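Q: Mind having a look at this structure? Questions to follow.
Every read-out reported here was derived from the displayed coordinates using simple, explicitly stated rules and does not represent laboratory data. Keep in mind it's a predicted model, so treat the numbers as computed, not measured. Using ideal geometry, Cβ is built from the backbone for each residue, glycine included, and neighbour counts are taken over all protein chains shown.
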Amino acid sequence: MKWFISQDTIKGPFQKILEKECGENVRLCYQCGKCSAGCPVSYQMDYLPNQIIRMVQLGMQDEVLSSKTMWLCASCLACTARCPREIDIAEIMDYLRRRAYKKQVIPLEETEVPLFNKIFLRNIELFGRLYEMGLIGMFNLLSGEFFKDIFLAPKMFLKNKIEILPHRAKNIKEIRAIFNNSGKLGKVKRTRLFYPKLVFLNLSRKLIGKIEKYK
Amino acid sequence: MKIGVFVCHCGTNIAGTVDVEKVAKAASGLANVKYSTTYKYMCSSPGQALIWDVIKEKALDRVVVCACSPGLHEKTFRKCLEDAGVNPYLIEIANIREHCSWVHRDMEQATRKAIAIVKLAVAKVSRDKPLEKTYISIEKKVLIIGGGIAGIQSAIDIAFAKYPVVIVEREPSIGGKMAQFDKTFPTLDCAACILTPKMVTVSQSKYVTIHTCSEIEEVSGHVGNFTVKIRKKARSVDLKKCAGCGACWNKCPAKTASQFDMKLGKRTAIYVPFPQAVPNAPVIDRGNCLYFKTKKCGICQKVCPFGAIDYDMQDEIIEEKFGAIIVATGFTQFDHSVYGEYGYGKYKDVITGLHFERMVNSSGPTGGKVLRPSDGKEAKDVVFIQCVGSRDEQKGVSYCSRVCCMYTAKHALLLKEHNKDAQAYVFYIDIRAAGKNYEEFVKNVQDKHGAVYLRGRVSRVFEKGGKLIVRGADTLSGAQIEIQADLVVLAAGLVAQPDAAKLAQTMHIPYDKNNLFTEAHPKLAPAETITSGVFLAGACQSPKDIPDTVATASAAAAKVLGLLVQDKLEREPLIAKVDRILCSGCKACYEACPFHAIEMKEIEDRQLKRKRTVAEVLEGVCTGCGNCTAVCRMSAIDLEGFSNRQIMEQLGEI
Amino acid sequence: MKYAYYPGCSLHSTAKEYDLSTKEVAKALNIELTEIPDWVCCGATPAHITMHLLSLALPVKNLIQARKMGADEVVTCCAACFSRLKIANKFMEDDPAHREKVEKIVGEEYEGEVKVRHFLDVLVNYFGLKNLGERVTKKLSGLKVACYYGCLLTRPPEVTQLDDLEDPHLIDDLMRTIGAEPVQWPYKTECCGASFSLTKTDIVLKLSGDILQMAHDEGARAIVVACPLCQSNLDLRQDAINKKYKKNFNIPVFYFTQLLGLALGVEPGKLGFKKHAVNPVPLLRENGILGNL
């Protein structure tokens, strides 16, 4: 038996909270499955998009936030464009990701994407414009794949596509103010660069994976 | 003046929130009220008996009943008064239920409001005038617009009662959409086999006149006396001479796509839409005929042994009078070309339900074989997609078209019957099989005919390598499904005809946001409209299958016959009336009347010794809406039973 | 024609050839593109995944900068920047609650006065295909291309209002004007894997691999794109796709401005063909488009 859903779960507030904060009328979903049918990444998901919406309707907050689905969503908007009830599923996925960050609930197998986003944003905050070397370097380091894409690096340098040194924007103070204000107004907890739990999970998972491979 | 006030408890509906005894006591103190009492259920037999007894005892001449909405029992109480010998229009209903006890909770405030409502009713009834019912004559002839199964069934029922019927049909033959079907669910009767006997009955009946290639141009008048202008388009073939021998269409050199076969096959420019057509005579499609385009050809006229071809035929306008009209114009299929994800209607192998019907029909364009329209090869893997256009607020209509689940199951069955090696895949959201033997039919299709039912909508269909790739989902197992199909059949929904709105406006009947004609009451009067004398049958009111269509057609016929058997039609006298002395002929009421119930008349004014124009109300058409009284500057036009005087009296009580 | 120009982070680094070719095409057509001074990253995908208000504030900051330089229209080439800027505009115009919050964050007032256009829109709808056709000096005949639109150019349709949702044709029309032969293929708007390029490279390999396969099956020799991330996924990762799925793809991925530049007579050296991972020069030589580079 997979789940036992109690009456308390169904009467729970999750659906109402999502509808209020996200603005999407989740209760209108009649589970036609058109979103899941067109989703290009669904082959790797544990729950299909329509199942996630169903779980939201049934108030299953914990199962939804700890699923892989929303981290695998590529925001391609195919689902949103085709939904016959005009529900913006991609927006709901965005909202669930933000909520997962807030509640600090990240599933074990999908730690790369949350980590990447944090590094990207910290990069922008430091430099104003994206410093690719920093992004790739830091991401590889913290996710445990030190030598990923290493063969692409010389090509990129030779073709003058990536700068070795960062280039700080002139109005960096204003940008940092924007970041701070967004955090305050959006009531989002902004963590340090070395997001400890994510980094630890990533590195330990990679290590275990490597050990399994060499067994 | 002796007024009696009767306050109803209505069980606890009123008495639960309003202190009815207090209301009765307060009413007894009003001017001219000679008797005031309460009773548990005024509408019941003892309640009515109470009113009679009191009227006789106290010699009452006016009555106020404080109860539920007049929409429910006003007629009951009027009859009660009539039986007691008092004019039935000297009664007022004070609505202290829907307007008071059902919408408030505080007993004290509700009782005060109820007393106020009773005061208004007593004031109004004090100014009521005795009125007499009016009567209008009825033309004993019926018009049926639309010659599909609905129109045909109504015609048969009315002709059986020996009343004359006229059917006006737009296409060159009657039969409607049912003539295009192959087999019908759940019995798998061949549609043509069960339809054509009815078509023949109707064509041979001496009471029925059929006008094909005809449309309604104008409708005026009112129930019992409609004047209708019918435009008979030029068929270019004289029906009196033509014997339907086929010499002309066999020799016609011009070919074009056949609308009856959903453009899957061809027909000639002079053609009969299908072999069992009624009338069994061809029509010339002037847009594609060589003679009409280039003045060359003329072969059909040369080969016709009866000289029935008439190139100079013109459209004819026929004007007739009818007592009642039945609208049975049917439906059309949803146009799926709005769906980019299904190809914008450009993929040849993505077809609709009606296309499939023509394909499996043995007298259809492919001789009954299920072939791919693109290359003519036999289709083995066929995907059926349900709910195309239906239940889709984004691109289609929000309602369910009711028949698609059943006809898709039927198609899956027919596919297997015509091709043993074929496989049907049905993508559905729900299976709606609510009729008699319908659920068993679907079960049979899944059981004996091996159709695979997948629950989920299809996100996209595209062409690759000669096949159609269908990407759908099965939400029950939580899977994405990809099928390589030879043919995709879309169960397109049933929607209103493109000119339904125009017809509704011509007929002065209401229609909703989906252009489906609105019935008088969705539960209790599905076969009539709010416009007296106009009735509805079939899918033009809402999508339905053949059994329901025939049922509503017979229902409409029964209602029409109920009208026609009477010598005169009784009409309520609560209509507008013009005081000619005050009327200045300014035509404000004439412009304001939404029912065209006012006409301007020239009268001889003896005092001023000249002619002048005044307004006159057409008693049969006026519905008593009051628009005219609102615009009249002179207060020359007034509503009987709702006059300005009465309203002023009520305002005095507030 | 004068516009403010918002390149976006990738056009200054991994998609440099897009920036170069755009500027060359603009020069050749006398369209003035003035880069917004002190522009910042629009936040792209990571911003709207992590912080809603930030994802609106960063684009709005750029639009305010554009307004400061006196422009009322901004042209951008990157599809993600286009999408984010347009979405920010829509929120600022339609939603007063969001507008208030974002104005507080950025510290200035803004109501969506600056309009956002994609360069494709400018070329096809404002400059006009007819005018373009007259300026073409070299027709790229014989070049069969598959025009790939990706996700963000056409979706969501209420926001982008750029092209048809399921069967877009702007790049196809452009290609036809310059003489190339666009093929009709069903994967015009299928996702390439987008921002999973670094984090979930296996997804990118599968999705982009499918796109390359479909283009190849329909007879195309090259793919034309309008988005730097799509180009990077299809081009940079082509080698890895070949290795993983044991294929032999050699499909160069062009930016539409590069091919347009060639057709308008811009010197090929200035269009950045050397920066591609899959070398496009042999294909161009084969079709007689390039003499020797």
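Q: Of the listed pairs B:119/B:601; B:380/B:443; B:119/B:587; A:206/C:244; A:68/B:467, which have alpha-carbon separations greater than 31 Å here?
A: Check vs 31 Å cut-off fails for B:119/B:601; B:119/B:587; A:68/B:467.
Q: OK, next. Sort B:276-282, C:63-69, C:241-247 for me by packing, meaning the mean count of neighbouring Cβ atoms within 10 Å per residue, highest on top.
A: Packing proxy ranking, top to bottom: B:276-282, C:63-69, C:241-247.
Q: Enter the angle in degrees (range 0 to 90, nearest 10) between the Cα long axis of helix A:112-127 and the first principal axis of the Cα atoms of chain A, meaning the one along which they spread out most.
A: For A:112-127 against chain A, the angle is about 50 degrees.
Q: How many Å³ per residue does the convex hull of the Cα positions in the stretch B:210-283 occupy?
A: 128
Q: Any chance you could list P(r) for chain B, counting all Cα-Cα pairs in 20 angstrom bins from zero, rounded to whole %?
A: Answer for chain B: a P(r) of 16, 37, 30, 16, 2 percent.
Q: Of C:55, B:552, B:338, whose Cα points farthest to the positive end of the dipole of the protein assembly as shown (charges on the beta-carbon: +1 Lys, Arg; -1 Asp, Glu; origin at the Cα centre)?
A: C:55
Q: Compute, for the stretch B:41-175, the length of the dipole vector about the Cα centre, with Cβ point charges of +1 (Lys, Arg) and -1 (Asp, Glu) only. Units Debye, rounded to 20.
A: With only Lys, Arg, Asp and Glu charged at Cβ, the dipole is about 320 debye.
Q: Please list, in chain and number order, the residues 5+ apart from residue B:222 or on another chain whose amide H is under 5 Å from its amide H, with Hs placed from the backbone.
A: Residues meeting the amide H criterion: B:227.
Q: Using the 10 angstrom Cβ neighbour count as an exposure proxy, how do B:6, A:147 rank, fewest first?
A: A:147, B:6
Q: Hey, another quick one. Would you mind pulling out the separation of the Cα centroids of the stretch B:17-40 and the stretch C:214-281, in Å?
A: 91
Q: In nm², what is the average projected area of the convex hull enclosing the Cα atoms of the stretch B:334-453?
A: If I average the Cα hull's projected area over directions, I get 7.6 nm².
Q: Just the projected area, averaged over all directions, of the convex hull on the alpha carbon atoms of the stretch A:25-68: how many nm²?
A: 3.1
Q: Give me the inter-chain shielding for B:383-391: mean count of other chain Cβ atoms within 10 Å, whole number please.
A: Partner-chain Cβ atoms within 10 Å, mean over residues of B:383-391: 1.
Q: Could you compute how fast the stretch C:140-221 diffuses translationally, taking Rh as the Kirkwood radius over C-alpha pairs and applying Stokes-Einstein at 37 °C with viscosity 0.692 mPa s? Give it in µm² per second.
A: Translational D for this selection: 242 µm²/s.
Q: How big is the shadow of the Cα convex hull of chain C, averaged over all directions, in nm²?
A: Mean projected area for chain C: 14.3 nm², to one decimal.
Q: Based on the alpha-carbon gyration tensor of chain A and its eigenvalue square roots a ≥ b ≥ c, which shape applies: rounded if a/c is under 1.5, prolate if not and a/b is larger than b/c, or oblate?
A: Prolate, because a/c is 1.5 or more and a/b exceeds b/c.
Q: Report the net charge of residues surrounding residue B:217, where surrounding means a beta-carbon distance below 13 angstrom and charges are Lys +1, Arg +1, Asp -1, Glu -1.
A: Here the count lands on -1.
Q: Could you tell me the distance between the Cα centroids of the stretch B:91-142 and the stretch B:441-487, to the nearest Å?
A: Between the Cα centre of the stretch B:91-142 and that of the stretch B:441-487, the gap is 59 Å.
Q: Given the rule -39500 (n - 2.57) for each run of at least 4 DSSP H residues, summed and divided by the residues of chain B, what is its mean residue ellipticity at 222 nm, to the nearest 500 deg cm²/dmol?
A: Estimated from H runs of four or more residues: -8000 deg cm²/dmol.
Q: A further question follows. I'd like the Karplus ³J(HN,Hα) series for the stretch A:137-146: coefficients 6.51, -1.76, 1.60, θ = phi - 60°, whole numbers in Hz, and an x wherever there's a Gly or Pro.
A: Each residue of the stretch A:137-146 in turn: x, 5, 5, 4, 4, 7, 9, x, 9, 5 Hz.
Q: When only alpha-carbon atoms count, how far does the stretch B:500-596 stretch along each of its three principal axes, as whole angstroms with the largest first?
A: The Cα atoms of the stretch B:500-596 stretch 57, 35, 20 Å along the principal axes, largest first.
Q: What list of ³J(HN,Hα) couplings, whole Hz, do you get for the stretch C:60-66 from phi and the Karplus terms 6.51, -1.76, 1.60, once you set θ to phi - 60° and write x for glycine and proline?
A: Result, ordered by residue: 5, 4, 5, 5, 5, 4, 5 Hz.
Q: Skipping prolines and chain starts, which residues have an amide H placed within reach, meaning under 5 Å, of the one on residue B:637, given they are 5 or more residues away or on another chain?
A: B:579
Q: Another question, then. Pull up the cross-link candidates among the aspartates and glutamates for residue B:611, meaning alpha carbon to alpha carbon under 13 Å and not fewer than 8 places away within one chain.
A: In chain and number order, the partners are B:602.
Q: Please say if the stretch B:308-348 is rounded, prolate or oblate, where rounded means a/c under 1.5 for a ≥ b ≥ c the square roots of the C-alpha gyration tensor eigenvalues, and otherwise the choice is prolate for a/b larger than b/c and oblate otherwise?
A: oblate
Q: Give me the dipole magnitude in Debye, nearest 20, for the stretch B:410-569 about the Cα centre, with unit charges on the beta carbon: positive for Lys and Arg, negative for Asp and Glu.
A: 220
Q: Suppose every Lys and Arg Cβ carries +1 and every Asp and Glu Cβ carries -1, with no other charges. What dipole size does the protein assembly as shown come out with about its Cα centre, to the nearest 20 debye?
A: The dipole of the protein assembly as shown has a size of about 1980 debye.
Q: Between residue C:115 and residues 5 or more places away or on another chain, which pairs have amide H atoms under 5 Å apart, with H built 1.01 Å from N, and which residues are they?
A: C:73, C:74
Q: For chain C, with a Gaussian network of springs between Cα atoms less than 10 Å apart, report the residue from C:32, C:190, C:108 with the top mean-square fluctuation.
A: Answer for the Gaussian network model of chain C: C:108.
Q: Still on this model: In whole Å, how far is the Cα centre of the stretch B:329-358 from that of the stretch B:495-541?
A: Spelled out, the Cα-based centre of one part sits 25 Å from the other.
Q: Which order results if B:39, B:344, B:407 are arranged by neighbouring Cβ count within 10 Å, fewest first?
A: B:344, B:39, B:407
Q: Could you give the angle, 0 to 90 degrees to the nearest 10, between helix B:644-653's Cα long axis and the longest principal axis of the Cα atoms of chain B?
A: The helix B:644-653 is inclined about 60 degrees to chain B.
Q: Classify the stretch C:1-124: rounded, prolate or oblate, from the alpha-carbon gyration tensor (a ≥ b ≥ c, eigenvalue square roots; a/c under 1.5 rounded; otherwise prolate if a/b is larger than b/c)?
A: prolate
Q: Rounded to two decimal places and with Rh computed the Kirkwood way over Cα pairs, what is Rg over Rh for the stretch B:1-143?
A: 1.04
Q: Residue by residue through the stretch B:383-396, what is 3J(HN,Hα) from phi via Karplus (6.51 cos²θ - 1.76 cosθ + 1.60, θ = phi - 60°)? Round to whole Hz and write x for glycine and proline.
A: Calculated HN-Hα couplings, in order: 9, 10, 10, 8, 6, 9, x, 9, 6, 9, 5, 6, 10, x Hz.
Q: A further question on this structure: Debye sum, Cα scatterers, the protein assembly as shown, no solvent: what log₁₀ I/I(0) at q = 0.05, 0.08 1/Å?
A: -0.51, -1.07
Q: Can you give the angle from 0 to 90° between the axis of helix C:201-217 and the longest principal axis of chain C, with both taken from C-alpha atoms, to the nearest 10?
A: 50
Q: Say we join alpha carbon atoms closer than 10 Å with springs in a Gaussian network model of chain A; which of A:95, A:43, A:131 then has the biggest fluctuation?
A: A:43
Q: What is the distance, in nm, between label points placed 7 Å from the Cα along the Cα-to-Cβ direction at residue B:293 and at residue B:266?
A: If labels sit at residue B:293 and residue B:266, their model points lie 1.2 nm apart.
Q: OK, next. Lys/Arg Cβ at +1, Asp/Glu Cβ at -1, dipole of chain C taken about the Cα centre: which of C:195, C:76, C:272 is farthest positive-ward?
A: Result: C:272, furthest along the dipole toward the positive end.
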